[in-house]
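Participant: One structure coming up, written as structure tokens, with questions to follow.
The values are calculated or read from the model by the stated rules, or taken from the named source; none is laboratory data. Since the model is a prediction, treat every value here as computed from it, not as a measurement. FYI the Cβ positions are ideal-geometry reconstructions off the backbone, even for glycines, and counts take in every protein chain you see. Accessible surface areas use protein heavy atoms only, side chains included; no ligands, DNA or RNA. Shrake-Rupley method; radii C 1.70, N 1.55, O 1.52, S 1.80 Å.
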Amino acid sequence: MTSNSLFGARMVALGTALPDKVLTNQDLEKMVDTSSEWIVERSGIHERRIGGTTAGLAAEAGQIAIERSGIDPQTIDLLILATTTPDRRVPATASTVQELLGLSCGAMDLNAACSGFVYGMIAAHGFINMGHQRVLVIGAETLRRLVDWTDRATCILFADGAGAAIIERTEGPGDLHGWHVNSNGALEEALYCDFDATIQMSGQAIFKNAVLAMEHAARQSLEMADLSPAEIDLVVPHQANVRIVEASCKRLGIPYEKTSMVIHRTGNTSSASIPLALEDAWQAGRVKKGDRLLLVGFGAGMTSAAAVITWDGK
Ligand code: UT7
């Protein structure tokens, strides 16, 4: 990360998984008092995927990342699973995923809501800095299980999916140039889910704070990286609402065209959304070696996280 680091780290492979079942806005029109036009106009979502378990989706994404990297899975030292929807209260779903992938390593869940993947990625760089060789970071969610399917304010937004990245030790300083994590617990009541209950959300309060939190996290990480917003090639934001991303980009002075967006087909998959958008940009050939990427998210809590990385090109 800096010249003081013992070991640098870089992202070497991605993997993603989405359930087969597609739930369209037209499907939702039959379930609650809404319209596809309203959902598209207010959120940018056209359809989303639902199904599976958090461990199952996480393992699918993790397996793809392992295969693409060509590494020996036994060289993975740690599995960090960012999720707000563990399959059980105990044990950590990361342990289930570890078993599904046949890994011999440490495993833990991380709940920083929708910022979780970026928190996990930053933590992975820290573990490698302290001596680990490889860390598998996964963001995976089955939010459909927390949604009240009679509440039109939330059921149109949330969905299921997973995205994974392998972070490994490298010569030199590595790919992470700036980062920031934050939380504002005073806003807890704006978005929460009690045990055995469904998601409660004050949409407008989250919207307003999200725009500010994204801008703040982005600026802090850019400052650490000694870069200006204009020097970012691609923004990979949390996929909660197209309008939140547009407003944040406007405040940062970054053209919206520089963002990778998948929300139209995934909905809000919380901690899976950033790796899903990153994979989409990579598949579309939108990132090349040396590009500077800004990964930035926000979520319940009210957490936020940002990371400025250089794309390795692998
Ligand atoms: O990962 C973080 C998770 N959460 C978020 O990021 C949520 C952030 N907030 C948002 O994305 C937006 O606030 C929403 C998409 C949730 C809502 O958009 P909005 O433009 O803020 O709408 P609103 O809440 O101000 O509601 C406007 C109207 C209301 O009706 P009245 O009071 O004006 O008559 C709502 O009852 O739209 C109504 N409404 C709906 N109408 C049709 C709320 N949900 C729906 C719906 N279909 N699904």
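Participant: Just from the alpha-carbon atoms, what are the Rg and Dmax of the chain in angstroms?
Facilitator: That works out to 18.0, 58 Å for Rg and Dmax.
Participant: May I pose another question? Please report, in whole Å, how far the alpha carbons of region 176-310 spread along each principal axis, starting with the longest.
Facilitator: Principal-axis extents of region 176-310 (Cα, largest first): 45, 30, 23 Å.
Participant: Based on Cα positions only, what radius of gyration and what Dmax would you give for region 7-171, in angstroms?
Facilitator: Over region 7-171's Cα set, Rg and Dmax evaluate to 17.2, 56 Å.
Participant: Taking Cα atoms, how many degrees apart are the long axis of helix 242-252 and the longest axis of the chain, rounded to 10 and kept between 0 and 90?
Facilitator: The angle comes out near 50 degrees.
Participant: Which percent, to the nearest 5, of DSSP beta bridges fully inside the chain are antiparallel? Show your work: numbers first, answer last.
Facilitator: Details: 38 of 56 bridges.
Antiparallel: roughly 70 percent of the beta bridges in the chain.
Participant: Return one number: the angle in degrees, 0 to 90 and rounded to the nearest 10, between the long axis of the Cα atoms of helix 54-69 and the longest principal axis of the Cα atoms of the chain.
Facilitator: 40
Participant: Keeping the other protein chains in place, figure out the carbon and sulfur percent of the accessible area of the chain, with a 1.4 Å probe.
Facilitator: Ligands and nucleic acids excluded, carbon and sulfur reach 50 percent.
Participant: Mind checking which lysines have their C-alpha under 29 Å from Lys288, skipping anything on the same chain fewer than 8 residues away?
Facilitator: Those lysines meeting the cut-off are Lys250, Lys258, Lys314.
Participant: Explain nothing, just the number: dipole magnitude of the chain about its Cα centre with +1 on each Lys and Arg Cβ and -1 on each Asp and Glu Cβ, in debye rounded to the nearest 20.
Facilitator: It works out to roughly 360 debye.
Participant: Take each of the peptides 191-197, 251-257, 303-309, 46-52, average the number of other beta-carbon atoms within 10 Å over its residues, and list them starting from the highest. Before the final figure, lay out the partial values.
Facilitator: Numbers: 191-197: 12.0, 251-257: 14.0, 303-309: 28.3, 46-52: 20.4.
In descending order of packing, they fall as 303-309, 46-52, 251-257, 191-197.
Participant: I've got another one for you. Quick one: among Ala159, Ala205, Ala213, which has the greatest mean-square fluctuation in a GNM of the chain with alpha-carbon springs under 10 angstrom?
Facilitator: Ala205
Participant: Can you give the angle from 0 to 90° between the axis of helix 203-225 and the longest principal axis of the chain, with both taken from C-alpha atoms, to the nearest 10?
Facilitator: Rounded to the nearest ten degrees, it is 10.
Participant: Moving on to the next point. Give the accessible surface of the chain per residue, rounded to a whole number of Å², with probe radius 1.4 Å and ligands, DNA and RNA excluded. Write down the numbers at each step before the final one.
Facilitator: Details: 12900 Å² over 314 residues.
I get 41 Å² per residue for this part.
Participant: Measure off 7 Å from each Cα along the Cα-to-Cβ vector at Gln204 and Glu223, then give the distance between these two points in nanometres to one decimal.
Facilitator: About 3.1 nm separates the two model spin labels.
Participant: Report the one residue of Gly70, Ala190, Thr93 whose Cα lies farthest in the direction of the positive end of the charge dipole of the chain (charges on C-beta: Lys and Arg +1, Asp and Glu -1; origin at the Cα centre).
Facilitator: Gly70
Participant: Summing Lys, Arg as +1 and Asp, Glu as -1, what charge do residues with Cβ under 12 Å from the Cβ of Met302 carry, Met302 excluded?
Facilitator: -1
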